[in-house]
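Reading through the structure tokens given below for one structure.
The values are calculated or read from the model by the stated rules, or taken from the named source; none is laboratory data. Please read all numbers here as calculations on a predicted model, not as lab measurements. Cβ placement follows ideal geometry from the backbone for every residue including glycine, while neighbour counts extend to all protein chains displayed. Surface areas here come from the heavy atoms of the whole protein model, side chains and all, with no ligands, DNA or RNA. Shrake-Rupley method; radii C 1.70, N 1.55, O 1.52, S 1.80 Å.
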Amino acid sequence: MAVDPSQVQQPPDARQVWEDVRALLHDREHGQVVYQTTANAIKLANTHFQHPEAKAFLVKCLHPAINIMLDQQAARLDQENFQLKIFIENALTDAVIIIQKDLAEGNTQHIKTLAQLFNPRRNFYKGFKTKSFHQVPGNMKARSDCILIFCRANGFLALVSAFSQPQLVPPNPSGNSSEPPVSRWPGAEDVRYLITAMGEAYGDGQVLREVASRFADWVQAEIGEMGEEQLKAEPFVVMSALIRQLRRLNANLGNQSDDATFFNFWLDVTLTYIGASSLPMRLFGWEQLAEVIDEACGTRTPAKLCRVQGAGNSAVNGVYQLQPLESDSRDEDLRYTKLDDNTGLLLTLFQCTIQQTTSKWWFISEADINQPGTEKDIDYYKHVQASNIRREPPSTGWDCCTAQGEEGVMPPPTCVRLDDDGRTGCGAIDEASLESTLMQRMLKVNCSVTSLTTPVTSLDGGFSDRDATLAQ
């Protein structure tokens, strides 16, 4: 039920506190009195949220006040003024509640403030290094508390609902109705922090899948409708990070395995960049396309057979057979083996996830019988690979393992994918796979044959090295 602002009463001292804070925000000496007064003003605005003067104060002062507080280093406050830290923490949680209330009314005017409350890079959250390079921890708990309070107040649901409303049409005194609607898009940087926080909350079970999925769909729809000029206004590094966050959220939601919605969105945006008139945009588009290709290739069914050839240690050369997978997960590491019937030597061509990272390296090794995949293995060759999604042994780029106890001999080998009957080939491509989708879409793109040949050849070549191909 709507509240009549004229019936909302405020305490007699609230107006004076808000006026004091307006003046104090222009004061460069931000001492304890300023922070205490500001925290109190935000608390009063939360308590009397429906009052017009409270809302006027929030529109003008909430964002600069929160920005100043987040600029403080919590670790230093622990040492110098613990009470000041408490004032700031209380102000941050009050601000989160205020923004939730505003979103519930369909307003998005405080979105930039909410994004900064969720920004893990703010001084108040992150630590700092002393002159002796000692790392002092920050106050990430305060950020986690803000996200938790927002979740418990159904803030993310209110956020999605507010963003999902029809775009605003600006007033036009001339009466001309041709004015374009005003987008609710706050900018890629802010959306990045919001979607990061939502992803964390969803992972902790604080946000329903439907809410997280709706927000991801809204972000993708907004980006998908951007033209060249709008995309040009967003920094490349921010857009790249935002797309990575969307990929991660979609993967957690299971959307990438359920359908190709995210993949098609990503490819559409990438092709928009590639087709832009701006050279930096085109270069960014080609960088994204390399990742799109990796994503598509990652959905391909692993080859059952592959041939290692050209290795300086001839014992390594030969046909390796894929060992049974324990699950359908794309994260499961692959393992191929080759047994020499004459010598009894069992070699393993396997993928290994490096501890405490998402990087996957490939090795050709003689696995230890009792402790395979450990330092007790005898390594021959390795491929240091940053990508965490490639599902096939790379064709080139292998290195020799020449340390003590290792058996690598120059030159390193190459790997060739084999069809199930043992013939060289890329294998059949499932028409429902992302790889097939990418090939079909790229063949329809209205670009030059030279531009088109490179990525399509990389896909069709099976084990062909994508990075080397794109670099040509």
Tell me the GluC sites (Glu not before Pro) within segment 72-107 that lie in a loop according to DSSP and have at most 16 other beta-carbon atoms within 10 Å. E105
Size of electric dipole in segment 211-261: Cβ of Lys, Arg +1 and of Asp, Glu -1, about Cα centre, debye, nearest 20: 300
With a Förster radius of 41 Å, plug the Cβ-Cβ distance of I354 and R282 into 1/(1 + (r/R0)^6) and report the FRET value to the nearest 0.05. 0.80
Solvent-accessible area of V59 with every protein chain in place, 1.4 Å probe, in Å² to the nearest 10: 90
The answer for the net charge of residues other than S314 whose Cβ lies under 14 angstrom from its Cβ, with Lys and Arg +1 and Asp and Glu -1, is 0
Between A104 and T37, how high is the FRET efficiency from 1/(1 + (r/R0)^6) when r is the Cβ-Cβ distance and R₀ = 22 Å? Nearest 0.05. 0.20
Tell me, what HN-Hα J-couplings in whole Hz come from the Karplus equation 6.51 cos²θ - 1.76 cosθ + 1.60 at θ = phi - 60° for each residue of segment 211-218, using x for Gly and Pro? 5, 5, 5, 5, 5, 4, 4, 5
Residue-span extension gain [A403 to Q165] - 0.36 nm each, minus C-alpha spacing: 79.5 nm
Roughly how many nanometres apart are two label points built 7 Å out from the Cα toward the Cβ at S183 and L339? 6.0
